Amino acid sequence: MAAISAVRRTARQAVRTAWRDEPLPTAQSELLRLVAAQPGISVADAARELRLAPNTVSTLVGRLAGQGLLGRERAVADARSVRLSVTRRARQRIADWRDLRADLTQHAMAGLSAQDRQALTDAVPALLRLAERLALP
């Protein structure tokens, strides 16, 4: 887990360094990615998913909506509930971030030996199975 964390942390730092815009704080980025993956998610469900307090997520939603990255709509079934969606601007930002991360990763991978690249490729299925097992209740 320490190695995975190190790769994620340094990849995030590399992208933040190369990113042309002001990077979003981590919590805002996580919420934006969650809403992109689950359009229409409620604030309460997003809070549960991110393991944050609902009022914290509400604050994040307000900030992202203020930047034109998140949309909010009242739920039809329950007018007290809000459904979240990403804007076109947010989708483009997410795609640009992923493309930059992929480019930086590809460049870093090219500097590894063929043996190291193969070892990483071979590890992917086992890492995905580990993630599935960790997600089980």
Inset, instruction - Would you be able to say whether some residue in region 61-73 is over 26 Å from Arg16 (Cα atoms), exposed (fewer than 11 other Cβ atoms within 10 Å of the Cβ), of a type in the set (Lys, Arg) and at pLDDT below 95? - result: no
Inset, instruction - Scan region 19-39 residue by residue and report those that are within 13 Å of Asp96 (Cβ to Cβ), in contact with a Leu (Cβ under 7 Å, 6 or more places away or on another chain) and surrounded by fewer than 17 Cβ atoms within 10 Å (Cβ to Cβ). - result: Trp19
Legend entry - Filtered residues of region 1-50 (kept if over 23 Å from Gln106 (Cβ atoms), part of a helix (DSSP H, G or I) and at pLDDT below 90): Thr26
Legend entry - Selection status of Arg89, of a type outside the set (Gly, Ala, Ser), in contact with a Gly (Cβ under 6 Å, 6 or more places away or on another chain), under 25 Å from Ala65 (Cα atoms) and assigned to a helix (DSSP H, G or I): yes
Legend entry - Hits in region 51-81 - residues which are within 22 Å of Ala95 (Cα to Cα), part of a loop (DSSP other than H, G, I, E, B) and either in contact (Cβ under 8 Å) with a residue 40 or more places away in the chain or not polar (S, T, N, Q) (or both): Gly68, Leu69
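The values are calculated or read from the model by the stated rules, or taken from the named source; none is laboratory data. Just so it is clear, the model here is predicted, and its values are computed rather than measured. Ideal geometry is used to build each Cβ from the backbone, glycine not excepted, and the neighbour counts take in all protein chains shown.
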